[in-house]
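To start, the structure under review is shown below, and the notes come after it.
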Amino acid sequence: MSLPPKIKDKQGLESYGGSQMWLPDAMLLNSGCGIIAGLDAIMRLKGEEGMTRDEYFERFFDAKDYIRPITVGKNREPRKLFGKEFLGSFGVSAGRFRKGVRKLGAKEGLKVRIKPFWFKWWEKIPKYLETGDPLVMLITAPFNNVAVETPSGHKTMCGYHWVTITGLEGDTLWVSSWGWRCKMSMKELRRFNVILHFYSVSLEKQGNIV
């Protein structure tokens, strides 16, 4: 299992990975989850277990130049698009994530391999977690949103969201999201109209899992 880095705030409290919710920029707050997932993966591959939030901010703004969201104009104020709030970004696509993480890894002196998988993912997740390499998931469910539950029990319904997978126990998938150890229902994730993409992020020398 690969745990996300611990980011400490000014009071010394530790998060469970990074969070776009810390950002003052509304557009990045809305679309920064893919950048966070990629940055956290690179940090773990480098053996960086944590840092202060200010240090993490510096790394984030560097990472966003490599893992780039799809943006429309320079708008930062909410406006309606197809009846929903739009902040000028569609988030990080699967293709941009893979390309951006490899480029960010190269910049950090790493040769990164990103292995996608879909078929029988519920059986493969435990095998990938055993390697200790970061495991990332993209949720695409615009018509049948799935819940990400925080430690307080609050559920956020997500239609497009990147998370880092950290554990699987029965029907519960544990993930790093918004700086918390959150949980998701495997039953919900396996519903019709929920499209999932999984990526194992490793160093090039690592072996393959079929």
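The values are calculated or read from the model by the stated rules, or taken from the named source; none is laboratory data. A quick note: this is a predicted structure, and the numbers were derived from the prediction, not measured. Cβ atoms come from the backbone with ideal geometry, glycine included; neighbour counts cover every protein chain shown. Keep in mind that these areas ignore ligands, DNA and RNA; they rest on the heavy atoms of the full protein, side chains included. Shrake-Rupley method; radii C 1.70, N 1.55, O 1.52, S 1.80 Å.
Values computed for the structure shown
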{"quantity": "Of the criteria (1) over 25 Å from Leu173 (Cβ atoms); (2) modelled with pLDDT of 95 or more; (3) in contact with a Phe, Trp or Tyr (Cβ under 8 Å, 6 or more places away or on another chain), which one Pro78 fails", "calculated": "(2)"}
{"quantity": "Pair list, Cβ under 6 Å, 6 or more apart: the stretch 45-56 residue farther than 18 Å from Ser200 by Cα, other residue basic (Lys, Arg)", "calculated": "Gly50/Lys6; Thr52/Lys8"}
{"quantity": "Residue check for Phe86: out of contact with any Phe, Trp or Tyr (no Cβ under 6 Å at 6 or more places or on another chain), surrounded by 15 or more Cβ atoms within 10 Å (Cβ to Cβ) and modelled with pLDDT of 95 or more", "calculated": "no"}
{"quantity": "Close pairs (6 angstrom Cβ cut-off, 6 or more residues apart or separate chains): over 15 Å from Phe198 (Cα atoms) and open to solvent by 10 Å² or more (accessible area, probe 1.4 Å) in the stretch 90-102, at pLDDT 95 or above and of a type in the set (Val, Ile, Thr) anywhere", "calculated": "Arg102/Val112"}
{"quantity": "Given (1) more than 21 Å from Lys6 (Cα to Cα); (2) in a loop (DSSP other than H, G, I, E, B); (3) among the polar types (S, T, N, Q), number of the condition Thr156 does not satisfy", "calculated": "(2)"}
{"quantity": "One residue from Leu110, Leu138 being in a loop (DSSP other than H, G, I, E, B) and either touching a residue at least 12 places away in the same chain (Cβ under 8 Å) or surrounded by 13 or more Cβ atoms within 10 Å (Cβ to Cβ) (or both)", "calculated": "Leu110"}
{"quantity": "Search result, residues across the stretch 161-210 that are assigned to a helix (DSSP H, G or I) and touching a helix residue (DSSP H, G or I) at 6+ places or on another chain (Cβ under 9 Å)", "calculated": "Met186, Leu189"}
